[in-house]
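J.: Once you've had a glance at the structure underneath, I'll fire off some questions.
The values are calculated or read from the model by the stated rules, or taken from the named source; none is laboratory data. Please read these numbers as outputs of a predicted model, since none were measured by experiment. When we count neighbours, we look across all protein chains shown, and the Cβ atoms used for this are built from the backbone with ideal geometry, even at glycine. Only protein heavy atoms, including side chains, enter the accessible area calculation; ligands, DNA and RNA are left aside. Shrake-Rupley method; radii C 1.70, N 1.55, O 1.52, S 1.80 Å.
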Amino acid sequence: MMRAVQQRLPSLLVPPVAFAHRGARAHAPENTLEAFRLALRLGATGLESDVWLTSDGVPVLDHDGVSGGLFRRKKLSDQRRSQLPDHIPTLAELLDTCGWDYHLSLDLKDVAAARPVVETVREAAPDLLPRVWLCHPDWQAVALLRPLHPDVKLVDSTRLAQMKEGPERRAAQLAEHGVDAVNLRHADWTGGLTTLFHRFDRLTLAWDLQHEELLRGVLRMGIDGVFSDHVDRMVDAFRAEGM
């Protein structure tokens, strides 16, 4: 159960980022251009999605990484961009449709997608690069991406129970190897834990926040970014906290 924080602790990012998980997926089909456009209209300051590479090297945005009917499922990585259904957007199409005045968090379903992602953003929207967050569950793998760009944010997406070395040692490792942030499910966070990672100058992100009360509680912990399906509730929570 989340522990209450009466006084709001400081975050490193002011204000924290309000990420729309898979776009405004509570209001529109997830990971579609419609959902991403709607999320920004509703007040999200960040968009979140999962990125895969097609067989011809195009970064596309989808959660499951497959297309086709029940008995004809096929991996996106085994198909060319031209073979995919229209509802699956490319990263370039997202930038062309939504611009780049927001943060963009991408779960790397294939680490090999990182370079094409950075190259696509560099070509279409170079000003967005410092607001691109590349997330992966293996912090050592994501640390190897640092040479791609000095300002892209690298994120360790994990759970507290998986930090066998303990959170303080993990924070030190992330700082040493240039991984900017840690992303945990909201129930893992406490005010003390955000303060610990902030002591190492690491940013803190929390996911699966679907209710205003939970969102407000995490924001009071000094979190630097939150992920929610419900953009309207998320925006309401930020307003209630004076952000």
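J.: At what distance in nm do the modelled label points of ARG185 and ASP151 sit from each other, each positioned 7 Å from its Cα along Cα→Cβ?
T.: Each label point lies 7 Å from its Cα, and together they span 3.6 nm.
J.: Whole number please: convex hull volume per residue, Cα atoms of region 78-152, in Å³.
T.: So the per-residue hull volume is 103 Å³.
J.: Continuing with the same structure: What is the Cα coordinate range of the chain on the first, second and third principal axes, sorted by size from largest, in whole angstrom?
T.: Per principal axis, max minus min of the Cα coordinates gives 52, 38, 37 Å.
J.: Just to make sure I understand: if all protein chains stay in place, what is the order of TRP100, TRP52, TRP133, TRP207 by accessible area at 1.4 Å, largest first?
T.: Putting TRP100, TRP52, TRP133, TRP207 in descending order of accessible area: TRP100, TRP207, TRP52, TRP133.
J.: Working with all protein chains in place, sort PHE238, PHE200 by solvent-accessible area computed with a 1.4 Å probe, largest first.
T.: Highest to lowest solvent-accessible surface, that is PHE200, PHE238.
J.: Here's a follow-up. Ordering ASP107, ASP127 by accessible area with a probe of 1.4 Å, largest first, what comes out?
T.: Heavy-atom accessible area, descending, gives ASP127, ASP107.
J.: State in Å² the accessible area per residue of the chain; use a 1.4 Å probe, count heavy atoms of protein chains only, and round to the nearest integer.
T.: Numbers: 11290 Å² over 243 residues.
For the chain, the per-residue accessible area is 46 Å².
J.: Regarding region 1-142, what is the average projected area of its C-alpha convex hull, in nm²?
T.: 10.9 nm²
J.: What are the residues whose amide H is under 5 Å from the amide H of LEU154, where those residues sit 5 or more places off or on another chain and H is modelled from the backbone?
T.: It is LEU134, ASP180, ALA181, by chain and number.
J.: Excluding ligands and nucleic acids, what accessible area in Å² is computed for THR97 using a 1.4 Å probe, to the nearest 10?
T.: 50 Å²
J.: Given Cβ point charges of +1 (Lys, Arg) and -1 (Asp, Glu) and nothing else, what value in debye, to the nearest 20, does the dipole of region 1-91 about its Cα centre take?
T.: Approximately 160 debye in magnitude.
J.: A follow-up question, please. Contour minus end-to-end for HIS63 and ASP232, with contour as 0.36 nm per residue of separation and end-to-end as the Cα-Cα distance?
T.: Roughly 58.6 nm would be gained on extension.
J.: With only Lys, Arg, Asp and Glu charged, each at its Cβ (+1 for the first two, -1 for the last two), find how big the charge dipole of the chain is about the Cα centre; round to the nearest 20 debye.
T.: 440 debye
J.: Apply 1/(1 + (r/R0)^6) to the Cβ-Cβ distance of HIS177 and MET243, taking R0 = 45 Å, and write down the FRET efficiency to the nearest 0.05.
T.: 0.90
J.: Run the helix sum for the chain: -39,500 (n - 2.57) per DSSP H stretch of 4+ residues, divided by residue count, reported at 222 nm to the nearest 500 deg cm²/dmol.
T.: Rounded to the nearest 500, the figure is -8500 deg cm²/dmol.
J.: Per-residue accessible area for LYS153 at 1.4 Å probe radius, Å² rounded to 10?
T.: 40 Å²
J.: Same structure, new question: May I ask for the net charge around GLU241, where only other residues with Cβ less than 12 Å from the Cβ of GLU241 are counted and Lys, Arg are +1 while Asp, Glu are -1?
T.: +1
J.: Moving on. Could you tell me what % of all Cα pairs in region 141-213 have separations over 15 Å?
T.: Working: 1382 of 2628 pairs.
That tail contains 53 percent of the Cα-Cα pairs.
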